[in-house]
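The values are calculated or read from the model by the stated rules, or taken from the named source; none is laboratory data. Everything quoted here is computed from the prediction, not taken from an experiment. SASA here: full protein model, heavy atoms, side chains in, ligands and nucleic acids out. Shrake-Rupley method; radii C 1.70, N 1.55, O 1.52, S 1.80 Å.
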Amino acid sequence: VRLRGDGPAPAERLAAFRIALGGFITSYLMLRLGVFLELGGRARERFDPVGVFRLIDEPLVGRANSILLAITLLLAVAFTLGWRFRAVGPLFAMALLVVTSHRSSWGQLLHFEHLMVLHAFVVGFSQAADAWSADARRALLRNRPIDTSQVGDRYGFPLLVASVVVSVTYVIAGIAKLRYGGFEWVAGDTLRNHIAYSATRLELLGGWASPAARWAVDAQWTLPPMAALSVAIELSAPIALLGGRWRNTWVAAAWLMHVGIYALMLVGFPSPLLLVAFAPMFPLERLGRRLAAVSA
């Protein structure tokens, strides 16, 4: 089973996704490091364990939290570089799960974090360092290059799984809207109220609300079509697995939906906006080869 009918995926395609995913996660952890560090000093009364923390029912405080973050960052860099990947890949995925579960246990669930953790597990337990990696370079220097000749579709299958994960998460989001909002999500004032609430909350907290929010609330006739379109995009996510124009059209629509969400509510989903979430659906090795040719 493949995303495209162009034969088994080369090792470079999976390696390119590893680099894109690892680079994004490393940057995200560094940019949000202050937020993650602050969790170690919060009052235990606010702790509501989710995920792996349901097993221990205790938050990470002080040095324990800081050490975990430092280890996860080091693993993120090694993951991106493809260094000692057979051990680093799984270790990084598990460390990232713990870090993000800890953050979620304080009451803020970020769905794009869940997606990047799932992708980290898919890539971390694959042979994503057989090309464009420190491991591949070390093997070449020892005159024992890694054999990337095809045995089945060992490089394409993880990419397919990662693409299916993306598709399923969008479908779940669409079903959730219909399950909890019903037809009112499309025809009623649910979206309008949500936009108004987000803008009002930002203004009350001293933030800056999007100028487009006031326009959308006033021009409420535009919201039912927008709501219907968002649900249609989410529920139709599986068509991206067909590849080609189906994939391109759906990814473009999903990306524009996220741009619209940010424009109206200043709610950004970094991995979809930066296209990292959709990366496993594309032949990324072509971009990597072009960049290498330009820099040569």
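Assuming a ≥ b ≥ c are the square roots of the Cα gyration tensor eigenvalues, decide whether the stretch 81-185 counts as rounded (a/c under 1.5), prolate (otherwise, with a/b larger than b/c) or oblate. Oblate, since a/c reaches 1.5 and b/c is not below a/b. Remark: the stretch 43-59, residue by residue, has Karplus-estimated 3J(HN,Hα) of 5, 4, 4, 8, 7, 10, x, 10, x, 5, 6, 5, 6, 10, 6, 9, x Hz, where x stands for each Gly or Pro and the curve is 6.51 cos²θ - 1.76 cosθ + 1.60 at θ = phi - 60°.
Once neighbouring chains are kept in place and the probe is 1.4 Å, which whole percent of the accessible area of the stretch 51-137 is contributed by carbon and sulfur? Solvent-exposed carbon and sulfur of the stretch 51-137 make up 67 percent of the total.
Evaluating 6.51 cos²θ - 1.76 cosθ + 1.60 at θ = phi - 60° for every residue in the stretch 264-276, the Karplus couplings come out as 8, 10, 6, 9, x, 10, x, 5, x, 5, 8, 6, 5 Hz, glycine and proline recorded as x.
Shape of the stretch 28-85 from its Cα gyration tensor (a ≥ b ≥ c, root eigenvalues): rounded if a/c is under 1.5, otherwise prolate when a/b > b/c, or oblate?
Note, shape of the stretch 28-85 comes out prolate.
Taking amide H as placed 1.01 Å from N in the peptide plane, the amide H of residue 276 sits under 5 Å from none that are at least 5 places away or on another chain. Rolling a 1.4 Å probe over the protein chains gives residue 286 an accessible area of about 110 Å².
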